[in-house]
Amino acid sequence: MKKIIQSSFMVILVILAMASCKKDNHTLDTNVTPVASLTAPADQANLNLTPGGPGVTFKWDASSTPNLVLYEVAFDKAGGDFSKPVYKILSDGSGVQNQATIPQDTLNKIASMAGVASSSSGTLKWTVIASVAYNAKASSVARNLQVTRPAGFAVPPKTIYITGTATEGGADITKAVAMKQLASGTFELYTSLKPGTYQLTDKPDGSGTKYYLDAKGVIQMGNSSTTVTAPQAQYRIYLDFNVATSNIVSIDAVALYMSAYNSEIGQLSYIGNSTWEIAKLPITFFPFSWGRDQRYKFILHTSAGLEYWGSTNANNVDPEGQAASYYYMIPVTNDQWSNTYKFPAAADTHNVKVDVYFQASGPYTHTVLAFN
């Protein structure tokens, strides 16, 4: 009985304590005062956009709202009312600062979304949206920015393939040849072309966006094709979608250069799939007083001049036991001794088989096999 009375007393105390607690009914004030003034860039300012150009700072007077305010810069087409802005971006400091530094590459994309064509001028209309929680209000003032877009694509493709009767894959688009991506929007391919036509696409299945090179080598979007009339030959095709330019040079020869002789000792033949090969080449190391020298690198004979290709290492060790990266190839200087490789010891007074791979699937590299 005593335990029951004690338990009942504790329950009463808890009830009284709960009843005596005062609730804190503080409610978040979501009222927000719109931005009253935009300060930079000036209204009707002109901006020539350049790929990779420095950011442009948009500024405005802070909202007088006492609570924490988040800001977004909203962009619309000329004459738009921001009911459906083409783009919105948070201000600096994850939205809390009353300024936004926007890269020119982003502004180029926004201008494209607003209907400004590449290599053309047009108007971007902008304002600032201030918000507290779910309550957002656009400023009643807006400014216009006159932009000139560069040539090129605001959103470059992430992959590019070449297809057509002039290419190694032929007209079957499922056999389109992939190009190597060097950086965002830039691609390269070592390949052969023959008389016929070719086209570029970002998907090798017929559903991709199509591109072609016009008579001036400018990259254009569309279903047209580029015509090849010259006899079959090897080329390096370089494309930069950021500025819509191309550069195509012929690869007239790939030669093996031996440093001690200071001369080319053989030329490789193109065998397809971005690969050059010499099946059998006799090698004799050069006899110096201190020993026999086996250093070599490569020379590309192109329509733009000679290019030396060699090792990432200025001074190399013997190849035995080295990783695959030992054979990676990069453009180097014409210095007689620097950035060379070394033939394996078994190559001296024997034959070698050498293959050079300028393929899109990995680093440019080569292999050497010594045999009797």
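7 Å from Cα along Cα→Cβ at both Asn262 and Thr365: what's the point-to-point distance in nm?
3.4 nm
Can you pull the one-decimal nm distance between simple spin-label points at Ser140 and Ser83, each 7 Å off the Cα toward Cβ?
Between Ser140 and Ser83, the label points sit 1.9 nm apart.
If amide H atoms are built 1.01 Å from N in the plane of the peptide, which residues on other chains or at least 5 residues away come under 5 Å of the amide H of Tyr270?
Under 5 Å from the amide H of Tyr270 lie the amide H atoms of Glu277, each far enough along the sequence or on another chain.
Mind running the shape call on region 328-368? Use the C-alpha gyration tensor, a ≥ b ≥ c as the square roots of the eigenvalues: rounded below 1.5 for a/c, prolate if a/b tops b/c, oblate otherwise.
Working: a/c = 3.01, a/b = 1.24, b/c = 2.43.
Here region 328-368 falls in the oblate category.
Output the peptides 195-205, 44-54, 168-178 sorted from most to least packed, where packing is the average of other Cβ atoms within 10 Å over each peptide's residues.
Details: 195-205: 18.3, 44-54: 13.5, 168-178: 16.2.
Result, highest mean Cβ count within 10 Å first: 195-205, 168-178, 44-54.
Relative to the longest principal axis of the C-alpha atoms of the chain, give the angle of the C-alpha long axis of helix 2-20, reported between 0 and 90° and rounded to the nearest 10°.
In the chain, helix 2-20 runs at an angle near 80 degrees to the longest axis.
Got a sec to turn the phi values of region 132-138 into Karplus ³J(HN,Hα) couplings, 6.51 cos²θ - 1.76 cosθ + 1.60 with θ = phi - 60°, whole Hz, x for Gly and Pro?
Listing the rounded values in order: 10, 6, 8, 8, 10, 9, 7 Hz.
May I ask you to compute the full-extension gain from Thr174 to Gln322, defined as 0.36 nm times their residue separation minus their alpha-carbon distance, rounded to one decimal in nm?
49.5 nm
To the nearest 10 degrees, how steep is helix 104-113 against the longest Cα principal axis of the chain, on a 0 to 90 scale?
80 degrees
Each value in this text was obtained by applying a stated rule to the coordinates, not by laboratory testing. These numbers come from a predicted model, not from an experiment. Glycine gets a Cβ as well: all are built from the backbone with ideal geometry, and neighbour counts include every protein chain shown.
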